[in-house]
1. Based on the alpha-carbon gyration tensor of segment 1-87 and its eigenvalue square roots a ≥ b ≥ c, which shape applies: rounded if a/c is under 1.5, prolate if not and a/b is larger than b/c, or oblate?
2. Roughly how far apart, in whole Å, are the Cα centres of segment 1-50 and segment 61-128?
3. Of the listed peptides 5-16, 87-98, what is their order by residue-averaged count of other C-beta atoms within 10 Å, with the highest listed first?
4. Under the rule of at least 5 residues apart or a separate chain, name every residue whose amide H is placed under 5 Å from the amide H of Ser32.
5. May I ask you to compute the full-extension gain from Ser50 to Met109, defined as 0.36 nm times their residue separation minus their alpha-carbon distance, rounded to one decimal in nm?
6. With contacts defined as alpha carbon pairs under 8 Å and 6 or more residues apart, what's the relative contact order of the chain in percent?
7. For every helix of n ≥ 4 consecutive DSSP H residues, a contribution of -39,500 (n - 2.57) applies; sum these over the chain, divide by its total residues, and give [θ] at 222 nm rounded to the nearest 500 deg cm²/dmol.
8. Which residues among segment 66-85 fall inside the zone where the amide N is under 15 Å from a point 7 Å beyond the Cα of Leu36, along Cα→Cβ?
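Every number here is computed from the coordinates shown, using simple stated rules; none is lab data. Remember, it's a predicted structure, so these values are computed and weren't measured experimentally. FYI the Cβ positions are ideal-geometry reconstructions off the backbone, even for glycines, and counts take in every protein chain you see.
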Amino acid sequence: MELVRRLNDVYNQRAFAENSEMLDPEFVWDVSRLELPESASYMGQEGFLSFFESWAEGFASDRVEAEEIVDAGDRVVVMVHHSGRGRTSGIEVDQRYAMVWTMRDGRAMRMDLYPTRAEALKAVGLAK
């Protein structure tokens, strides 16, 4: 769970490239379950970093806050509050979603994004 907290900090610092050792070389970033222009699954560190650069460019400012962290064995469910402001539109962003992080050998293997807490808990077998 500590790795997830550190990854949250790395997101807010925009420092994934400098902290790539936290991600497995075959890391998967799956945001395909949300209705976003970037909804897809990104493979490998390079795929993720490309997504992240594009995502970050769209915001004048943004921040994620872990509101709840649930240990699910080799996976960790994180309820996230994402806030910010669009770079071009100026529109304020205030949304909540759930991340399921899969860990192995002290590295993040994948992150699956879910629109709701219930869906994320179901995905890790903690809810029906």
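1. Taking the square roots of the gyration eigenvalues as a ≥ b ≥ c, segment 1-87 is rounded.
2. Measuring centre to centre over Cα atoms gives 11 Å.
3. On the way: 5-16: 14.8, 87-98: 12.5.
The packing order, highest mean first, is 5-16, 87-98.
4. Ala40, Leu113
5. Using 0.36 nm per residue and subtracting the Cα-Cα distance, I get 19.5 nm.
6. 23
7. Using -39500 (n - 2.57) per qualifying helix, the result is -8000 deg cm²/dmol.
8. Inside the label zone: 66, 78-85.
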